[in-house]
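Engineer: Please read through the structure below; I'll follow up with questions.
Each value in this text was obtained by applying a stated rule to the coordinates, not by laboratory testing. Remember, it's a predicted structure, so these values are computed and weren't measured experimentally. Note that we place each Cβ from the backbone using ideal geometry, even for glycine, and neighbour counts take in every protein chain shown.
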Amino acid sequence: MQNQLTIPTLNDLVTETKESVNLNNLMVLLNQDPPAQWLANHPMISGYKYLPIERVEWLLSRIFKKWWVEILDSKIVANSAVVTVRLFVINPLDGSTWHNDGLGCSPIQTDRGAGATDFNKVKSDGVMKAMPSAETYAIKDAADKFGKLFGKDVGRKQSLDYNQFVKESTTEKDLV
């Protein structure tokens, strides 16, 4: 079986279709800065703002309507729980399935002063608390790859302004 790859022409790249305009406008929406009131102070990193998971899940439900998570891997590395997920969403424009992978880590609680690999000092519920936390970080990591609205650029000093890419809705005759 031979893989058929069609290289786009320059005309293909510059010709607007209703689908390309809609996809472009979805990209612009996904790359708006989240409102400042949605951001919270990070509980462990002083002076750092982040987008809480409840807002990320709300956005996933509001924009994509249907989404789900597959856990690809979970393990313990040194004194941390590490979870890898695949976040699936339904493209609201055409019903196709999109996905992003995410990685999350969370430290396992130990007794005060214990070394990172001193497993004799791990709290009895340390793994039970760390794994769901790592999963949450992984979901957020996957979601922020959809765009700034999901927290992609929170904390970055520079980012691209996607507003310049907004395209007005057009009729089929205007798209040539």
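Engineer: Residue check, V56 against (1) surrounded by 15 or more Cβ atoms within 10 Å (Cβ to Cβ); (2) in a strand (DSSP E or B), all met but one. Which one?
Structural biologist: Of everything listed in (1) surrounded by 15 or more Cβ atoms within 10 Å (Cβ to Cβ); (2) in a strand (DSSP E or B), V56 misses just condition (2).
Engineer: Let me ask something additional. Cβ-Cβ below 9 Å, separation at least six or inter-chain, first residue in the stretch 122-140 and over 23 Å from K49 (Cα atoms), second part of a helix (DSSP H, G or I) and among the hydrophobic types (A, V, I, L, M, F, W, C): which pairs?
Structural biologist: That search, which allows pairs on different chains as well, returns nothing.
Each row is one residue, and each column tells you yes or no for (1) part of a loop (DSSP other than H, G, I, E, B); (2) within 14 Å of the chain's Cα centre (by Cα).
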{"residue": "V83", "(1), (2)": "no, no"}
{"residue": "L87", "(1), (2)": "no, yes"}
{"residue": "H99", "(1), (2)": "no, yes"}
{"residue": "A114", "(1), (2)": "yes, no"}
{"residue": "E135", "(1), (2)": "no, yes"}
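Engineer: Then there is this: For the stretch 89-119, which residues satisfy the criterion of being of a type in the set (A, V, I, L, M, F, W, C), crowded, with 17+ Cβ neighbours inside 10 Å and within 26 Å of N24 (Cβ to Cβ)?
Structural biologist: V89
Engineer: So G104 fits all but one of (1) touching a residue at least 40 places away in the same chain (Cβ under 8 Å); (2) in contact with a Phe, Trp or Tyr (Cβ under 9 Å, 6 or more places away or on another chain); (3) of a type outside the set (F, W, Y); what number is the exception?
Structural biologist: Among (1) touching a residue at least 40 places away in the same chain (Cβ under 8 Å); (2) in contact with a Phe, Trp or Tyr (Cβ under 9 Å, 6 or more places away or on another chain); (3) of a type outside the set (F, W, Y), the lone unmet condition for G104 is (1).
Engineer: Test N3 against the stated conditions and say whether it is surrounded by 10 or more Cβ atoms within 10 Å (Cβ to Cβ) and free of Cβ contacts under 8 Å to residues at least 12 places away in the same chain. Before you say what the answer is, go through the steps one by one.
Structural biologist: Values: surrounded by 10 or more Cβ atoms within 10 Å (Cβ to Cβ): no; free of Cβ contacts under 8 Å to residues at least 12 places away in the same chain: yes.
No.
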